[in-house]
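Scroll down for the structure; my scribbles are underneath it.
The values are calculated or read from the model by the stated rules, or taken from the named source; none is laboratory data. All values derive from a computational prediction rather than experimental measurement. Virtual Cβ from ideal backbone geometry, glycine too; neighbours counted across all protein chains shown.
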Amino acid sequence: MSSSPTNKPNTTRIALITAAVVLAFIASYYARQAVNTSSDIIAPPSDYQRIIGLSPSIVEIIYQLEHAEQLVGVSRFCHYPPEASQKTVVGGYVDLDYEAVLTLKPDCVILLEEQRALAEKLEIMGVHTIILDHTSTQGVIDSIAILGKAFSKESIANHIVQTMHTRVRTLKHQARRTDSRPRILVCIERDTNSAFPDRVIAAGNKGVHQEYINMVNGVNAYQGPVAYPLLSREKLIHLNPDLIIELVREDVWKDKGRETLMKQWQAYNELKAVKNDRIIFLHEHQHMIPGPRFIDTLEVFAQAAALPHE
């Protein structure tokens, strides 16, 4: 019996949403495979007066370094801090509006490693670029120092970097004070319109989420070779994590809420994490992308990993 035509739009919508959410993580993963640490991506100090930032994490750093007055353009979805929403939008993460960029007459455009193709086109157009690596927590910290030097804001950058290093060291030290090593599953995306967690996409053993797991003395429940595996119910039951940390888009959180999302997980009551009420939902913006507030996410991982488990 063929499926009803009315199911096709919903299936297509789910596929598009899933693709959109995991795109940044997948792009970041493959960028990690190719990233160089050579100094050619680091610009010398300069009196930049017209800057464009092409990712939310970059824009956050520019504000942290108190250089926002020189920020004339941003990419779509740069909404933090709220003032960033007032800046001119020059396209999206990958669909850059080159005409809009040139109209702003920037003396510097700052991009991420996975946006290198955009940088190459901008350089051909005569636009100076700085490329940063946010595929790892250390890459994020290093980028603060890089931009601090580029903006002649080394003092502010050094203070931010030292504070971040201190917080990371403290969390790692606290996590290693216990012999407990919970098996953690990080759910990047799933079909939240189903009565049970369907089409679960998890974080594999590469990338920033694996870093978080390592830092809090946990173990990734998924140990396979796939960067972002799609897990069936059978596979989830086989993995049987002690703790599930789910990233939830803001629109989904507003629509469903914790009660509905938790009820869906309760359909898998065979899982230790479900039986022991060890499911954590992260829905705030700073948890969705690796950026200068990654330590907020790391703190949630640390608190969750410290909870008792079988």
Is it the case that the range 259-273 has a residue that's of a type in the set (D, E, K, R) and either at pLDDT below 95 or surrounded by 15 or more Cβ atoms within 10 Å (Cβ to Cβ) (or both)?
yes
Please determine whether any residue of the range 123-145 is closer than 22 Å to D277 by Cα, touching a residue at least 60 places away in the same chain (Cβ under 8 Å) and among the hydrophobic types (A, V, I, L, M, F, W, C).
no
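When you look at T163, is it part of a loop (DSSP other than H, G, I, E, B), of a type in the set (S, T, N, Q) and farther than 30 Å from R233 by Cβ, yes or no? Show your work before the answer.
Working: part of a loop (DSSP other than H, G, I, E, B): no; of a type in the set (S, T, N, Q): yes; farther than 30 Å from R233 by Cβ: yes.
No.
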With (1) within 14 Å of I201 (Cα to Cα); (2) assigned to a loop (DSSP other than H, G, I, E, B) as the list, and L236 as the residue in question, which single condition is left unmet?
(2)
Across the range 263-302, the tally of residues that are out of contact with any strand residue (DSSP E or B) (no Cβ under 6 Å at 6 or more places or on another chain), small (G, A, S) and part of a helix (DSSP H, G or I) stands at 2
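I'd like to know if the range 217-224 contains one or more residues that are part of a helix (DSSP H, G or I) and either touching a helix residue (DSSP H, G or I) at 6+ places or on another chain (Cβ under 9 Å) or of a type in the set (F, W, Y) (or both). Before the answer, list the steps.
First, pick out the residues of the range 217-224 that are part of a helix (DSSP H, G or I): none.
So far as the range 217-224 goes, no, none of its residues is part of a helix (DSSP H, G or I) and either touching a helix residue (DSSP H, G or I) at 6+ places or on another chain (Cβ under 9 Å) or of a type in the set (F, W, Y) (or both).
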Among G73, G91, which is the only one that is under 20 Å from the mean Cα position of the chain (by Cα) and modelled with pLDDT of 90 or more?
G91
Only one of I156, I130 that is under 16 Å from Q64 (Cα atoms), surrounded by 15 or more Cβ atoms within 10 Å (Cβ to Cβ) and either in contact with a His (Cβ under 7 Å, 6 or more places away or on another chain) or aliphatic (A, V, I, L, M) (or both)
I156
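Confirm whether W253 is in a helix (DSSP H, G or I) and crowded, with 18+ Cβ neighbours inside 10 Å. Walk me through it before giving the result.
Values: in a helix (DSSP H, G or I): yes; crowded, with 18+ Cβ neighbours inside 10 Å: no.
Against the criterion (in a helix (DSSP H, G or I) and crowded, with 18+ Cβ neighbours inside 10 Å), W253 does not qualify.
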